[in-house]
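Computed from the coordinates by the stated procedures, all read-outs in this text should not be read as laboratory data. Computed from a predicted structure; not experimentally measured. Every residue, glycine as well, gets a Cβ built from its backbone with ideal geometry; the counts of neighbours run over all protein chains shown.
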């Protein structure tokens, strides 16, 4: 019998219901409204740079994030079955590692590094280089369609309508009703 496929899990809107970058940006601007100009300057150097600078300037309490308990239970079961688990996120690596340390089920982390914004094609290509097309990917947004196109199996977690449209004709496992009804769906950044 072959080894169980590694499972790569998106963060924003999938493992958690928030968007870490938007949360950090809100905190940064609340400190001083003029910080919006600073953030705009960082953004002009690229999304990955903006995310890095926010991570250097804003501490996020990862224990206060709204984690998807249904997905976490699913992942814990998969881990017991022998699957290796990887957090694969477009948020900055500082936040990603902090979250992975808080939820100690992950075997590794793939994240934005200040130069590369690890979303859509960048994430798909990175995971394909690491695992070939022999990995399972769990995500929720239209950007994840590119990653699912290179994965062996697809898990859609509370997918957006655009993600569902992008998956027409493909087989996937759907994990829904995972959202806290008191909180709105996160915006995609």
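Counting neighbouring Cβ atoms within 10 Å and putting the fewest first, the residues 112, 2, 149 line up as 2, 149, 112. Label zone of residue 31 (point 7 Å out along Cα→Cβ, amide N under 14 Å): in region 109-146 this covers no residue at all. Gain on full extension, evaluated as 0.36 nm per residue between residue 173 and residue 56 minus their Cα-Cα distance, stands at 38.5 nm. Put in line by how crowded their Cβ is, counting other Cβ atoms within 10 Å and starting with the fewest, 45, 171 read 171, 45. Helix 47-57 versus the longest principal axis of the chain: what angle, 0 to 90°, nearest 10, using Cα atoms? That works out to roughly 70 degrees. Against the longest principal axis of the chain, how steep is helix 35-44, in degrees 0 to 90 to the nearest 10, with axes from Cα atoms? The helix 35-44 is inclined about 50 degrees to the chain.
Each stretch of four or more DSSP H residues adds -39500 (n - 2.57); spread over every residue of the chain, this sum gives -12000 deg cm²/dmol at 222 nm. Residues 7, 129, arranged from fewest to most other Cβ atoms within 10 angstrom of their Cβ, appear as 129, 7. Taken as Cα centroids, region 141-171 and region 27-54 sit 30 Å apart, rounded to the nearest whole angstrom.
FRET efficiency for the pair residue 3 and residue 165, taken as 1/(1 + (r/R0)^6) with r the Cβ-Cβ distance and R0 = 45 Å, rounds to 0.85.
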